[in-house]
Amino acid sequence: MWGVKVLTHYYCSTYSKDYIYKGLVLYNSLQKYDQDFHFFIICVQDEVKNLLENMELRNATLISMKDIENEDWELANIRSTRNDKEYIWSSKASIMIYLLNHFSELDHIIWLDGDTAFLSDTQPIFDEWGNYSIFLTEEQYKGKYKGLSKKYGVYNTGFMGFKRDQNAILCLQWFREKLIEWCFDKPEKGRWSDQMYVNDWVTRFENVGVAGNLGINANLFIVRDRKVTADDDNLYINGDRLILFHYYGFKYFNRNEFDLCAHGQSPKDKIVQWLFVPYIQACNEVMDSISYIDRDFYHKQTPNGRIVNYFNLASNINGNVDKFNFCTIISENGLSEVLDLYNSLKMHTNGFCLWICCLDDITYNTLVKMELENIIVIDIKNIEDQELLNVKDTRNASEYRLTIKAPLISYILKNNYNIHYMIYADPDARFVTNVTNAFTKWDKHPVFIWEKENDQNAQQDYGINMPSLIGFKRNKKAFKKLSAWRKKCINGCYD
């Protein structure tokens, strides 16, 4: 508990073990951009509370989730029926009611999801909130995504503000009942998570305000179709200064590998540079501070499952632009071949990066454990979308490997803004001289292909070019060619 001083801005959030690094990034951002704040952190597990106690966070009050449950037995009774994420959603109203009941100093409380972070001064939030009892932010779905509001809600509950007045208290009590009744991570009968309950608050409750500033609780849907600019260390969305960004769908694997957004939104290059790289660096700093206190709190992860927006930090900020980037595809029986390819690159180039897509778990796990320098290992599940999965069983392993060449190249180039080109090489390819010699004629062309030296009959049967070694620049023309190649391979690619 802190002293008697009345603080201006009060925030709360729930920290689980999975989210604590994000939550600490959020807390650090408040220290930077709010000179007069206090943060109530609800700790889902005891080990989270123990870690944070050792950090001695000056502007925070730590509360165990058990304390909330001891006063709300209905909430405690549903815990076993929901996963961790669903339970945290279900607890939002109960937590804010608890805080208003126990801390008389609070004239308001703001709920923040743990994967948000402040990027500039917080005061404009409170200026716009003004005298409203309740303050919300819209999802702002546009264009082809406009219909998502019917499935996932009009408002984003990663930010919600409540004053200590009758309107807000009535709303929180009603909200609590609904969340305990049903709150799951699946759309069902006009409900989804806690968000769909908020759709009618503007008419159901009195004195509800909705932020007009696009920079409050912005997300990838909001920035994708709007003008984002940078000026004097601030970012702006259609002229509104970016204050709070919601990094939902972000996943941290290790210090170098991340999924920027698992929900399918692919950020543009400038957004990655301006918003995600600083966030990743902030996450790494927090991970260092956690490790300093408890080195076993987090264990290094290797990327697994489908990663929609795979981002490799070293490939984008550590001079990878000067390297030769190659990729290939292998299965278990091609492991020795790809190691020979790797050794030929080591022998004949001073700087390269070899991206290896593995068709099976055994190959993937083997290469990850080897920790070879200048190799990035990709699980095939990252590449496979429904179109590819639909044809997978219709082709043998060799044919399927040919089918996924274009998707692999597109995947790597799309998600890594500082990789200016990618060369695909079959795993049985070998370099016997400096690789620079192979690209002297590429120049400004979007695609680079090597012609086969076969007779006309062979060319007629098997083609005139060699897709066993083919390069693509990172530009619109190359992506258009890759898209067309992918489409044709999906429609038919057989030996």
**Asked** Using alpha carbons only, how many degrees (0 to 90, rounded to 10) separate the axis of helix 166-181 from the longest principal axis of the chain?
**Response** 50 degrees
**Request:** May I ask you to compute the full-extension gain from N475 to N284, defined as 0.36 nm times their residue separation minus their alpha-carbon distance, rounded to one decimal in nm?
**Result:** 65.7 nm
**the range 9-251 - share of DSSP beta bridges that are antiparallel (%, nearest 5)** = 50 percent
**Message:** Sorting check: for 400-411, 233-244, which peptide has the highest mean count of neighbouring beta carbons within 10 Å, and how do the rest follow?
**Reply:** 400-411, 233-244
**Request:** Kindly express, to the nearest 10 degrees and within the range 0 to 90, the angle between helix 335-348's C-alpha long axis and the longest C-alpha principal axis of the chain.
**Result:** 80 degrees
**Prompt:** Which value does Rg/Rh take for the range 4-66 over its C-alpha atoms, Rh per Kirkwood?
**Reply:** 0.95
**Prompt:** Label points 7 Å out from Cα along the Cβ direction at E384 and M370: separation in nm?
**Reply:** 2.2 nm
**Prompt:** 222 nm [θ] for the chain, helices only, -39500 (n - 2.57) per DSSP H run of 4+, per residue, to 500?
**Reply:** -11000 deg cm²/dmol
**Request:** On a C-alpha basis, how far is the centre of the range 356-413 from the centre of the range 68-93 in Å? Whole number, if you could?
**Result:** 40 Å
**Message:** For K369, give me every one of the lysines with a C-alpha distance below 27 angstrom, ignoring sequence neighbours fewer than eight places off in its own chain.
**Reply:** K17, K251, K300, K323, K346, K381, K405, K414
**Request:** Give me E86, E188 ranked fewest to most by other Cβ atoms within 10 Å of their Cβ, as a rough exposure proxy.
**Result:** E188, E86
**Message:** Please report Rg (one decimal) and Dmax (integer) in Å for the Cα set of the range 9-251.
**Reply:** 17.1, 50
**Message:** Net charge within 15 Å of G190 by Cβ-Cβ distance, Lys/Arg positive one each and Asp/Glu negative one each, not counting G190 itself?
**Reply:** +3
**Request:** Round to a whole angstrom and tell me the spacing of the C-alpha centers of the range 263-321 and the range 166-225.
**Result:** 30 Å
**Request:** Positive end of the charge dipole of the chain (Lys, Arg +1 and Asp, Glu -1 on Cβ, about the Cα centre): tell me which of Q301, Y279, Y494 has its Cα farthest that way.
**Result:** Y494
**Complete:** The size of the Cβ-based charge dipole (Lys, Arg +1; Asp, Glu -1) of the chain about the Cα centre, to the nearest 20 debye, is 1700 debye
**Fill in**
So the FRET efficiency between Y145 and D296, C-beta based with R0 = 35 Å and rounded to 0.05, is 0.25
**Asked** With axes computed from alpha carbons, what is the tilt in degrees of helix 46-55 against the longest principal axis of the chain, rounded to the nearest 10 within 0 to 90?
**Response** 90 degrees
**Complete:** Neighbour-count ranking for I97, I356 (other C-beta within 10 angstrom, fewest to most) reads I97, I356
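Coordinate-derived values only; no laboratory data. None of these values were measured; they are calculated from a predicted model. Counting neighbours? That spans all protein chains shown, and the Cβs are built from the backbone with ideal geometry, glycine included.
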